[in-house]
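Comments concern the structure below.
The values are calculated or read from the model by the stated rules, or taken from the named source; none is laboratory data. Given the structure is predicted, the values throughout are model-derived calculations rather than measurements. All Cβ positions, even for glycine, are placed from backbone atoms using ideal geometry, and neighbour counts span all protein chains on display. Accessible surface areas use protein heavy atoms only, side chains included; no ligands, DNA or RNA. Shrake-Rupley method; radii C 1.70, N 1.55, O 1.52, S 1.80 Å.
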Amino acid sequence: MNKIYWTLFIHHEWQLYMATTENGLCYVGSQGKPYEEMEAWLAKHFPKYELVEEEKALSPYKNEIKEYLNGTLREFTVPVELKGTAFQLAIWDTLSKIPYGEKKSYSEIANIIQNPAAVRAVGAAIGANPVLITIPCHRVVAKNGALTGYRGGLEMKERLLTLENGDL
């Protein structure tokens, strides 16, 4: 049986569940959310996998997220294994190309993928991003610059954007 390794990442006030397959990081949870959030997501997207608590398997991922939260890493290099529709994968790929410290609107993302009418679908795909922080969906804001929906909660989104703007 294939395995998914998971751990609770704790760094200063941050507490996030993380999981990886042998191919890459597949889940980064919301700040302060329980194990059950991760467990339910993994059961739906990786149903034939066994969950194994294994901090060592997640070391490279934890190190990069720690460096990011410390303000010393701007671009992630760890592999990810994403499960989603072709549309979701296209959106998540687009998100990963938004530079550190920059923001894009939902309509800008829709234009980048050459589907300007798909703003709502873009929002839904962003909301389904399983790898928070590493796939930077927190960099997407409303057209007027307002902070809107984020799976990790608006407080987490605001903290990440503040971090990237050098206001630690």
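Descriptive notes on the structure:
- Qualifying chymotrypsin sites (Phe, Trp or Tyr not before Pro) in the range 53-153, where qualification requires a DSSP coil assignment and no more than 16 other C-beta atoms within 10 Å, comprise 100.
- Computing Cα extents along the principal axes in Å directly from the structure and comparing it against (i) 44, 36, 26; (ii) 85, 41, 22; (iii) 84, 30, 26 singles out (i).
- Between 0 and 90°, nearest 10: helix 59-69 axis offset from the chain longest Cα axis: 40
- List 159, 74, ordered by accessible area with a 1.4 Å probe, largest first: 74, 159
- Compared with the dominant principal axis of the Cα atoms in the chain, helix 86-95 is inclined by about 80°.
- For the cross-link pairs 3/104; 66/97; 83/103; 62/157; 66/103; 3/33, the ones whose C-alpha atoms lie over 29 Å apart are 3/104.
- Net charge over other residues, Cβ less than 13 angstrom from the Cβ of residue 22 (K, R count +1; D, E count -1): -2
- Solvent-accessible surface (1.4 angstrom probe) belonging to residue 72, in square angstrom, nearest 10: 100
- Degrees separating the helix 154-164 axis from the principal Cα axis of the chain, which is the longest one: 80
- Residues whose placed amide H lies under 5 Å from that of residue 15, excluding near-sequence neighbours: 32
- Cβ-based charge dipole, the range 1-98, positive-most Cα from 87, 15, 61: 87
- In terms of accessible area, using a 1.4 Å probe and ignoring ligands and nucleic acids, 156, 1 rank largest first as 1, 156.
- Under 13 Å from the Cα of residue 56 - aspartates and glutamates, other chains or at least 8 residues apart: 22
- Computed lengthening from residue 8 to residue 121, 0.36 nm per intervening residue step minus Cα-Cα distance: 37.6 nm
- Here the chain is assigned +1 on the Cβ of each Lys and Arg and -1 on the Cβ of each Asp and Glu. Its dipole about the Cα centre then comes out at about 520 debye.
- Shape call, the range 72-126: gyration tensor on alpha carbons, a/c limit 1.5: oblate
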